[in-house]
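Participant: I have a structure I would like to understand better, so I am pasting it below and will then ask my questions one at a time.
No lab work stands behind these numbers, since they all come straight from the coordinates. From a predicted model like this one, the values you see are computed outputs, not experimental measurements. As a convention, Cβ positions derive from the backbone with ideal geometry for all residues, glycine included, and neighbour counts pool all protein chains shown.
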Amino acid sequence: GTIIRVFDTVTCTVLRELRRGTNPAIIFCLNFSSDSSMLCVSSNHNTVHLFSLNEGKKKKTPLRKLSLPGEVSFSRFQLPFCTKKAEVCICAFGPQPESIIAVSSDGGYCKFNFDRLHGQCTRQTCSLYLEMND
């Protein structure tokens, strides 16, 4: 998988070590929420992963049993508009609480709402604004 490390910029110590899946990925975008409690990450797998940066209970997953390093995302969603693997996508937290916006290089726009407690994402809107030909 791909490990993402969050550092304290004053002391240069690692605050969190996060794991984005089990397969290597190219990270296109990292964005912190306005209160720095969450991180959203998009990659060449056409997914957006959400990580909680607050201390608390760790999510139990099969990766924990294998003793792989890093905390796993509490939620993730597939980008439905990406037409091929490795479509460049940026993600950011929206103006409404618990919302994520993703925009891809093929003209796609998607807005998701997420539930911090249960880790579920719900697609609110999705549109393709450009028709790009190879």
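Participant: What is the Å³ per residue value for the convex hull set by the Cα atoms of the range 1-48?
Facilitator: Working: hull volume 3.9 nm³, N = 48.
Dividing the Cα hull volume of the range 1-48 by its residue count gives 80 Å³.
Participant: What distance in nm separates the simple spin-label points at Leu30 and Leu15, each placed 7 Å from Cα in the Cβ direction?
Facilitator: With each label point 7 Å from Cα toward Cβ, the separation is 1.1 nm.
Participant: What FRET efficiency would be calculated for the residue pair Phe7, Arg116, taking the C-beta separation as r and a Förster radius of 25 Å, to the nearest 0.05? It would help to have the intermediate numbers written out before the result.
Facilitator: Details: r = 24 Å, r/R0 = 0.94.
The value I calculate is 0.60.
Participant: Taking amide hydrogens as modeled 1.01 Å from N in the peptide plane, which residues meet the under 5 Å criterion relative to Ser73, leaving out close sequence neighbours?
Facilitator: Arg19, Gly21
Participant: Let me ask something else. Residue by residue through the range 113-122, which ³J(HN,Hα) values in whole Hz follow from phi under the Karplus form 6.51 cos²θ - 1.76 cosθ + 1.60 (θ = phi - 60°), with glycine and proline marked x?
Facilitator: 9, 10, 10, 4, 6, 9, x, 9, 10, 10
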